[in-house]
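The values are calculated or read from the model by the stated rules, or taken from the named source; none is laboratory data. Predicted model only: the values in this text are computed from it and were never measured. Neighbour counts are summed over all protein chains in view; Cβ atoms, including those assigned to glycine, are modelled from backbone coordinates with ideal geometry.
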């Protein structure tokens, strides 16, 4: 049976930190899919991670799905703020 | 005959500037498709533009395709730098 997709939350670290995590994750024999999740400014980093992994390290890797969304985040002063999000699914053969 | 898709390049302006451009563009009777193109930091803005347009102004709008890429940009000091890019296709019924 195949494992569920690994979810990697993209934050403020440099893209290469996440790239290494993606590669490590996909090198496990029962892991064929990774989902990158990011919000706000980290959306750009998520795209960088997908592109760097595919161009430089795993040429056969496929970006199989990209979806966007909007999330409501609580703010310190009270109330909420809307923030965009992205999910990028990476699949290896 | 239907017009080709309008391409909107997303830069450093606030998202609402581009949202208004998307709405104006799609209100023309022969325009059913808009493609948002962005590079680097503007990728987050492009996702914001798609999400704000869809959630707040045109509920029937569909994000019909999202692709990512890598572009080589010349830098002032000579040589080139790789930068991630995104294309988001918005389609109205």
Item to check | Residue in segment A:65-81 that is under 18 Å from residue B:83 (Cα atoms), touching a residue at least 24 places away in the same chain (Cβ under 8 Å) and touching a strand residue (DSSP E or B) at 6+ places or on another chain (Cβ under 7 Å) present | outcome: no
Checklist outcome for this item: Scanning segment B:33-48 for residues that are facing another protein chain (nearest Cβ under 10 Å) and in contact with a strand residue (DSSP E or B) (Cβ under 6 Å, 6 or more places away or on another chain), the one farthest from residue B:5 (Cα to Cα) turns out to be B:40
Checklist outcome for this item: Filtering segment A:50-93 down to residues that are more than 9 Å from every other protein chain (Cβ to nearest Cβ) and under 19 Å from residue B:38 (Cβ atoms) yields A:87
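Go through segment B:24-43 and count every residue that is over 24 Å from residue A:42 (Cα atoms) and surrounded by 15 or more Cβ atoms within 10 Å (Cβ to Cβ).
The number of residues fulfilling the criteria is 6.
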Item to check | Search result, residues across segment A:26-46 that are within 12 Å of the chain's Cα centre (by Cα) and free of Cβ contacts under 8 Å to residues at least 40 places away in the same chain | outcome: A:42, A:44, A:45
Checklist outcome for this item: Note on segment A:38-47: residues closer than 13 Å to residue A:90 by Cα and either touching a helix residue (DSSP H, G or I) at 6+ places or on another chain (Cβ under 6 Å) or assigned to a loop (DSSP other than H, G, I, E, B) (or both) are A:47
Next on the checklist: Of everything in segment A:82-93, what is free of Cβ contacts under 8 Å to residues at least 60 places away in the same chain and surrounded by 15 or more Cβ atoms within 10 Å (Cβ to Cβ)? Give them in sequence order.
Outcome noted: A:83, A:84, A:85, A:86, A:87, A:88, A:91
Checklist entry - Just checking, which of A:5, A:50 is more than 24 Å from residue B:41 (Cβ to Cβ) and touching a residue at least 24 places away in the same chain (Cβ under 8 Å)? => result A:5
Next on the checklist: Can you tell me which of (1) surrounded by fewer than 20 Cβ atoms within 10 Å (Cβ to Cβ); (2) touching a residue at least 40 places away in the same chain (Cβ under 8 Å); (3) closer than 22 Å to residue A:71 by Cα is the one residue B:56 doesn't meet?
Outcome noted: (2)
Item to check | Which listed residue is touching a helix residue (DSSP H, G or I) at 6+ places or on another chain (Cβ under 9 Å) and either part of a helix (DSSP H, G or I) or modelled with pLDDT of 95 or more (or both), from B:52, B:35 | outcome: B:52
